[in-house]
Structures are given as C-alpha cells and as structure tokens.
1. Do you know which residues across region 247-264 are touching an Asp or Glu at 6+ places or on another chain (Cβ under 8 Å) and not β-branched (Val, Ile, Thr)?
2. Tell me which residues, restricted to region 215-274, are assigned to a loop (DSSP other than H, G, I, E, B), within 13 Å of Asp415 (Cα to Cα) and within 16 Å of the ligand (Cβ to nearest atom).
3. Tell me, which residue of region 68-89 that is surrounded by fewer than 17 Cβ atoms within 10 Å (Cβ to Cβ) and in a helix (DSSP H, G or I) is farthest from the ligand (Cβ to nearest atom)?
4. Being over 20 Å from the mean Cα position of the chain (by Cα) and of a type in the set (A, V, I, L, M, F, W, C) is the requirement here; does Phe198 meet it?
5. So which residues in region 367-378 are free of Cβ contacts under 8 Å to residues at least 24 places away in the same chain and in a helix (DSSP H, G or I), if there are any at all?
6. Would you please name the residue that is surrounded by the fewest Cβ atoms within 10 Å (Cβ to Cβ), looking only at residues in region 117-135 that are away from the ligand (no atom under 14 Å from the Cβ) and within 17 Å of Leu409 (Cβ to Cβ)?
7. Taking region 152-206, which residues are on the phi > 0 side of the Ramachandran plot and either surrounded by 20 or more Cβ atoms within 10 Å (Cβ to Cβ) or free of Cβ contacts under 8 Å to residues at least 60 places away in the same chain (or both)?
Amino acid sequence: MGRRLFFLVAVSLLLFLSCGKKQGVIRTPVPARAAGQTDMLQFAAEPIADVGVGVVGLGMRGGDAVRRLSYVPGCHIAAVCDVLTDRTVKSLSFLEEKGLSAKGYSGEEKSYEELCADPGVDLVYVCTDWAHHFPVAMCAMEHGKHVAIEVPSALTLEECWALVDKSEQTRRHCMILENCCYDFFELKMLALAQAGVFGEIIHAEGAYNHNLDEFWDQYAANWRLLENSKLRGDLYATHGFGPVCQVLNIHRGDRLKTLVSMDTDSFNGKKHMADRGLDPKDFASGDVTMSMIRTEKGKSILLEHDVMTPRPYSRMYQLVGTEGYAGKYPVQQVLLRPDSAPKEVPSLDNLNVHRPMTPAQLDSLVRRFPNPLLEEGITELAKKVGGHGGMDFIMDYRLVYCLNHGLPLDIDVYDLAEWSCIGALDRISLEHDGAPVAFPDFTRGAWNKLDGFRYAFAE
Ligand SMILES: NC(=O)c1ccc[n+]([C@@H]2O[C@H](COP(=O)([O-])OP(=O)(O)OC[C@H]3O[C@@H](n4cnc5c(N)ncnc54)[C@H](O)[C@@H]3O)[C@@H](O)[C@H]2O)c1
C-alpha cells in the first residue's frame, strides 16, 4: 500500500511540475536500489538435478502446463494448486493415470501459500488469472522458490518494480512464460538476425490481434473481459513484443527509451459487457491500441493490440533490417538484398530484392545458420507433446534445462518487467493525448553491460 501511495504521489508531482511547460517526456519514478542489492543480469542459481515444479492455477493454461511438464526431462510435478478444488483433483487424477504423484492444494484463496512453502517445490509455475500473478510470484520468491509467470506477468509499474526488487533481493529467478519466443519461425529468424543476415535490424513490429469473441465466456466470472474494462492500453503485448526485444538485444546492449500510444474508443468491448448484463459504461480498453517505441540506439518498434474485431490472428513479427526483411504474418516472407546475401549459401545466387525467397532458398539459409535450440530430438519431441504446435514445450524444456545446469535463463526479470509494462505506459501516454513516456530502465543502469542476447548451454 505504501509503495502504491509513493508511486501515485510521485507520478502526480512529476505531472504537476510539467504543467504549463512545453509538453516533454513524462517520467515515472525509478525506486532506488537498496544498498547491497545487485542486478540479476546473467544470474545463475545453484543447479537442481530434478526440478520440483508447483503449478498454481489449473484452468485452460495451467491444466495443459501440467500435461506438458510431465514430458519434460529433468523435472517432476511436485504440487498443484487451484482455488477450485475440482481443478486440483482433475490435475492430480491426470498425474495418477500416468503413474505420477504430486501434492494437491486447494479450496482457499491463499492455498498457494502452502504450495510455495512446500519443501518439495523448487519452481512455482503461475497460470492464474492476471490479478493473482503478482501475489503468487511474490509469495514464491519470499519462500526461496524460483518463479515463472504466465503473460502478462504484472499489470502495473509498481508490480513490475516490486518483482524486480524481490528477485534481486532473494536471488531467485523470476521469468515471464513468453512462449512465442520459442515458436519455430521466430527462433529461426532470431538466429539469422544474430548471424547478421538482415544487416542491422532497425525496426520491428509485433502484435496481438486475436478475436476473443469465442473465449470471453470461458473465463470464470468474466475475469479477462473485466480486466479489459478496467484498464486502458495494450494489456497483452508480450506475444508480439518479447520475440522482437530478443532480436533487438534489449537491455543487452540497447534499451527501450520512449513510448507513445494511440487507441480507438471502445466499440465492441462495450457490446460484450452489455451482452453479459455487465455495465458497459467507462469500458477502458480501446478496441484497437497501438504503441510506438524508440530505443536508445535509434531503432523503432510498433505494437498493435486488437482482441475485439474480426481481424485475422496476427502477431505481426516483422523484422526490418538494413539488408533484409523477415515477416511472419499474414504470410511468411523473407527478402534479402542480392549483393549482401551470404555468399557461402549457394542457392542464394538468384535473389531479387523485390521478391521473397523461395522456401528452398530459405531452408538452405536456415540450415547454414541454425538456432541451437532447434536440435532435432527436441524439435521432434516438441511437435509430439505440442502446446501451440510445440513452442510451449520448447519453452518449458529450456527453463528446466537451465535450472538443471545452473545456467542463466533465456528470459530474465528485466524482460518480464519491460514486456509487461506496456499497458501501464500506454495508459499514461493515452491519458496525455499520446504524449511520450520514458521507459523505466528496470536494470537501473546495467542495460549496456552485456553484448547481445545469447542462450546459455552447459559445457
Ligand atoms: N502464453 C499463452 O499462449 C497463453 C494462452 C492463454 C492464456 N495465457 C495466460 O495464462 C493465464 C491463465 O489463463 P487461462 O486461460 O488458463 O485462464 P483460466 O481462467 O482458464 O484459468 C485460471 C485459473 O486460475 C485459478 N485461480 C484463480 N485464483 C486463484 C488462486 N487464488 N489460487 C489458485 N488458483 C487460482 C482459477 O480458478 C482458474 O482455474 C493468464 O495469465 C493468461 O493470460 C497464456
């Protein structure tokens, strides 16, 4: 409560001081790092040979996480928890049918506290509704557990900062479960970008355009629609944003600097409320929200969010480089300048800058510069186990592999904060007619310490 009050007073003061002056960049408070506390960049914890996972929230996503994790080598499900007892029982029965056993916690709003205190749990895997991501994650780290949180992991700047601080203080991993960083096309294009095939990536686009008409009623008590009704801004930015931040080496040599946002009014959002007998007045989220971001090193990112219209599904994923282009939606296309294409790939001798590469050309390029995560055995297993075509499995596999070997995770607590804070920054910009808002540097000065985004592997 004290932290919330501090933020409200500080933001109001900053806005008051900027009144009457030429509109500049709006800045939000950056809490000082406590003495003795250090950053979590490249943080590696003690190796855990067989990771005990505790899954909290066993709805659509958590139920499937239990299934997937039961196939991941190097871990076991130690405990499951849902406030709804029947969901806990269902997951326990699933495990029992596979000859596995776990502890079950349920029935109370705070049953997750018992799971977090369970000595058999090393990693708390949070798949609750958005409102519970933060309290469960804080509780997990307070009990000395690593934590991985579904998207978006936090809803406000205060929550982002509190998670960063808690992770730094407890020296526990705090990761956002951004599965789209592990989709096949994104993994392949990241490897090509890192090999310099596109020249320098100077602009990227990401989106979450997904008509949720069929989904709203699947959420108990309409929690997801109500979050959209309460909060303005892009509430679900991370699927489009995470993968492009990795390509742009965000807080690993560059940093997000300024954001401006624009949205439409709510048209369909209000209708969804009225159709369900809920009050449509003051529905906060626009049907379409756009955010534009500039980085310290002069790159730009465009994000779009639209869960309200019949637009086709798109995460956009476009990389615009000085020498090439990759785009995933609406169709996968890769273009390279013929004169700067890698000479050692023989099939690239017939490139045209106005024409996408053929599948055979792209295949030979991808084989020349492979992503190390797409090792044959893992790809096969991922496709078999599934979870959005396999990307969910690769994410889980990597998380457990890094914990097994005591390696830094691919996605750290600063990624979590940067990717989750878009809605909160949009809100400030939107409430000031699209004024620029400074991106908080969640690393507090360490964003240029690393030389690019890299995966860690055991020797
Ligand atoms: N990464 C992806 O591709 C993807 C896809 C869908 C959903 N999600 C995210 O996953 C999360 C869960 O979404 P979902 O679709 O499974 O929602 P859901 O409503 O189906 O499940 C949420 C579950 O959390 C439980 N829960 C609520 N309060 C709890 C508490 N105090 N203690 C324990 N359990 C509690 C609910 O009872 C419910 O079973 C959300 O954050 C969502 O944004 C991610």
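1. To start, the set of residues in region 247-264 that are touching an Asp or Glu at 6+ places or on another chain (Cβ under 8 Å) comprises 248, 250-257, 259, 261, 263-264.
Within region 247-264, Leu248, His251, Arg252, Gly253, Asp254, Arg255, Leu256, Lys257, Leu259, Ser261, Asp263 meet the criteria.
2. So the first thing to find is which residues in region 215-274 are assigned to a loop (DSSP other than H, G, I, E, B), and the list is 215, 219, 231-237, 248-249, 251-253, 255, 264-267.
Add one more test, that the residue is within 13 Å of Asp415 (Cα to Cα), and what stays is 237, 248-249, 251-252, 255.
Scanning region 215-274 gives a single hit, Ala237.
3. Val89
4. Numbers: over 20 Å from the mean Cα position of the chain (by Cα): yes; of a type in the set (A, V, I, L, M, F, W, C): yes.
Spelling it out, Phe198 is indeed over 20 Å from the mean Cα position of the chain (by Cα) and of a type in the set (A, V, I, L, M, F, W, C).
5. To start, the set of residues in region 367-378 that are free of Cβ contacts under 8 Å to residues at least 24 places away in the same chain comprises 367, 375-378.
Hits for region 367-378 are Arg367, Glu376, Gly377, Ile378.
6. Asp122
7. Keep residues of region 152-206 that are on the phi > 0 side of the Ramachandran plot, which gives 171, 196, 199.
Listed by number, the list holds a single entry, Gly196.
Conditions (1) assigned to a strand (DSSP E or B); (2) acidic (Asp, Glu); (3) under 23 Å from Asn228 (Cα atoms), marked per residue:
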position	(1), (2), (3)
Leu115	no, no, no
His132	no, no, yes
Ala137	no, no, yes
Val147	yes, no, no
Val151	no, no, yes
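The values are calculated or read from the model by the stated rules, or taken from the named source; none is laboratory data. Bear in mind the structure is a predicted one, so any value in this text is a computation, not a measurement. Note that we place each Cβ from the backbone using ideal geometry, even for glycine, and neighbour counts take in every protein chain shown.
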